[in-house]
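Taking it in order: structure first as structure tokens, then the write-up.
The values are calculated or read from the model by the stated rules, or taken from the named source; none is laboratory data. In this text, all values refer to a predicted model and were calculated from it rather than measured experimentally. Glycine also receives a Cβ, built like all others from the backbone with ideal geometry; neighbour counts cover every protein chain displayed. Just so you know, the surface numbers come from the protein's heavy atoms only, side chains and all, with ligands and any DNA or RNA stripped out. Shrake-Rupley method; radii C 1.70, N 1.55, O 1.52, S 1.80 Å.
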Amino acid sequence: MQTTDPRRTPRPDSEERTPKPDTAAQRPVNRRAPQRRGPNQSMLVFAAVLVVIVLAAVLVLVLVSRHNRAPKDDPAAQVTPTAQVTEQDTVLAEAKRLAAQYDYDKAIAAVTGFAGWESAPELQQAKADFEAQKAQAVRWADPTTIPHVFFHTLIADTARAFDGDPEQGGYNQFMTTIKEFNAVLQSLYERGFVLVDIHDVARPQQQADGSTKYVAGDIYLPAGKKPIVMSQDDVCYYEYMTDSDGDGKPDKGGDGFASRLLVRDGKLTCEYVDADGQTRYGSYDLVPLLDDFLEQHPDFSYRGARAIIAVTGYQGAFGYRISSDYKAKLGDEAFAQACRDAREVADALRAEGYTIASHSYGHLTYGDISPERLAGDAQKWNDQIAAVIGETDVLLYPFGSDIAGVEAYKGAKFDTLYGLGFRYFCNVDSAKHWVQIHDGYVRQGRRNIDGYRMYYQPNLLDDLFDTKTVWDDARPTPVPKI
């Protein structure tokens, strides 16, 4: 609200001047010119003007104060105009963020939930805009055409990863550098892809007879936008990648990868030990890098969806050694703290829109091992990992080793996994998209984005990006064959 400035007392252009009386000598012919007032008289005039200005200012302040004063029994009226504007701006910014992520209903609810929105032109216009955007959104007709791409732990320092040691070949085949990952994100965004949760692809729906059946999800996007699922495997930060001397702590002899995820200043970030042995915190792996990108491009996410973060349990989760083998190594107190820290990260991941998945306990080829060995491994993941970071219904097969071909699941292996609560199963496939929606579960094929695929089969990635513009020249060639 604007307030009226105090009235200014206009300074007179001229003053009435009284001629000074003549002294003894009279000059009847030429009258003497008027003389100026003495100093005391001028000061009196100045003081009078100043008093008028001060009184006018006080009067205006009193009027403004009375105007802004609200009755004590009216909480809404006690909010100052400045606070009202700030709160409205905050609501509008959040509503626009929701709409940018295609969650038009929540955006509209945020606007209409603000007291007095009907009399706020900006909020009225925002509501109309969101309704128009919602009306133009189109349901993705066939969720079985949604692609799924995945990465392993990202290489933060190519000089350390590609230093000629025995691990270099594997890193070159299966890993992606940070530079490549950022370029992939930019290309996906420019080509109209939007991240969706795997649960958006298909969801359980209760039937008339009380049973539950999985049906195609309802994904509404503007014309030209395309849904895609993203995941990352082995988010455990294996010791061989970060700890060169075997003391259980990351060090400068590591191979240039982040060493753990953590919550720092309320945000998910990575711990990273650089080549000088300095511990740093920042965007050194997929989670904080994706968060950074989405902060600038919220429309790359469908209703807040991010990526699937898959944990292989035998060395814990997110860089915390929470599998039972580490309890004796760490001691009870340190082990308990590691469990608390891992749980904090898991909670933060879910709160930000990530999905946590099992990548098995021992990184075993589920398609090849016996049903008994599979059952023991899957149970370990549930007992030691899910017990700490929470349960999940998503399983990403290690090595992409599915328990069946294209035929429907059946048998002991499936019974074990289903009994442990898994409903979404992902293998590895080179097709652009491969999705099966069955009554009781969902399967989806994933496409690896790594050195091997980019070097030997770039044509299989042409719909996602141009490999030549993504490729990191720090990667040694030729990439070893598998």
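Using only Cα coordinates, the Kirkwood hydrodynamic radius of region 94-220 works out to 18.8 Å. With Rh defined as the Kirkwood radius, the inverse of the mean 1/r over Cα pairs, the Rg/Rh of region 126-284 is 1.11.
Cross-link partners of LYS249 among lysines, defined as those whose alpha carbon lies under 18 angstrom from its own and excluding same-chain residues fewer than eight positions apart: LYS327, LYS329.
Bridgeable lysines around LYS226 (alpha carbons under 28 Å apart, same-chain partners fewer than 8 residues away excluded): LYS96, LYS106, LYS127, LYS134, LYS179, LYS213, LYS432, LYS468. Between ALA357 and ILE309, ALA310, VAL311, the built amide H atoms are under 5 Å apart, and every one of these is 5 or more places off in sequence or on another chain. Using the Cα gyration tensor of region 350-402, with a ≥ b ≥ c the square roots of its eigenvalues, what is the shape: rounded (a/c below 1.5), prolate (a/b larger than b/c) or oblate (neither)? Cα axes put region 350-402 in the oblate bin. Extending 7 Å from the Cα toward the beta-carbon at both GLU295 and ALA137 defines two label points whose distance is 2.6 nm. With a Cα-only, solvent-free Debye model of region 307-465, what are the log10 I(q)/I(0) values at q = 0.10 Å⁻¹? Calculated log10 I(q)/I(0) at the listed q: -0.41. Taking each residue as 0.36 nm, the span from GLU391 to GLU94 lengthens on full extension beyond its C-alpha to C-alpha distance by 103.9 nm. Please find the FRET efficiency linking ALA431 to ALA128, where r is the Cβ-Cβ separation and R0 is fixed at 35 Å, and quote it to the nearest 0.05. The formula returns an efficiency of 0.25 here.
Taken as Cα centroids, region 380-424 and region 143-209 sit 21 Å apart, rounded to the nearest whole angstrom. At full extension, GLU87 and THR112 could sit 7.6 nm farther apart than now, given 0.36 nm per residue minus the alpha carbon distance.
Counting Lys and Arg as +1 and Asp and Glu as -1, each charge on the Cβ, what is the dipole of region 272-418 about the Cα centre in debye, to the nearest 20? With Lys and Arg at +1 and Asp and Glu at -1, about 300 debye.
Close amide-amide hydrogen proximity is noted between PHE151 and SER231, GLN232, ASP233, each under 5 Å apart and 5 or more residues distant or on a separate chain (H modeled in the peptide plane; Pro and chain starts excluded).
Each 10 Å bin from zero up to the one holding the largest Cα-Cα distance in region 404-482 carries the following percent of pairs: 15, 37, 23, 20, 6. Computed about its Cα centre, the charge dipole of region 408-453 is approximately 120 debye, with only Lys, Arg, Asp and Glu carrying charge at their Cβ. Subtracting the Cα-Cα distance of ARG340 and SER244 from their residue separation scaled by 0.36 nm leaves 32.0 nm.
For region 372-482, the solvent-accessible area of protein heavy atoms averages 44 Å² per residue (probe radius 1.4 Å; ligands and nucleic acids excluded). One equal scatterer on each Cα of region 255-343, no solvent, Debye formula: the resulting log10 I(q)/I(0) at q = 0.14, 0.18, 0.21, 0.23 Å⁻¹ is -0.60, -0.91, -1.11, -1.20. Taken along its three principal axes, the alpha carbon spread of region 140-194 comes to 49, 21, 12 Å, from the longest extent down to the shortest.
Charge tally around THR112: other residues with Cβ under 12 Å, Lys/Arg +1 each, Asp/Glu -1 each, net -1. Given a cut-off of 16 Å, what percent of all Cα-Cα pairs of region 188-230 lie beyond it? Looking at region 188-230, the distances longer than 16 Å represent 47 percent of pairs. Here the accessible area is traced with a 1.4 Å probe on the protein chains. For region 270-413, carbon and sulfur cover 46 percent of it.
Calculated translational diffusion coefficient of region 240-389 (10 °C, 1.306 mPa s; Stokes-Einstein with Kirkwood radius over alpha-carbon pairs) equals 96 µm²/s.
If R0 is 22 Å, what FRET efficiency do you get for LYS329 and ASP383 from their C-beta distance, rounded to 0.05? E between LYS329 and ASP383, to the nearest 0.05, is 0.75.
The apolar share of the surface of region 425-482, taken as the fraction of accessible area on carbon and sulfur atoms (1.4 Å probe, ligands and nucleic acids excluded), comes to 48 percent.
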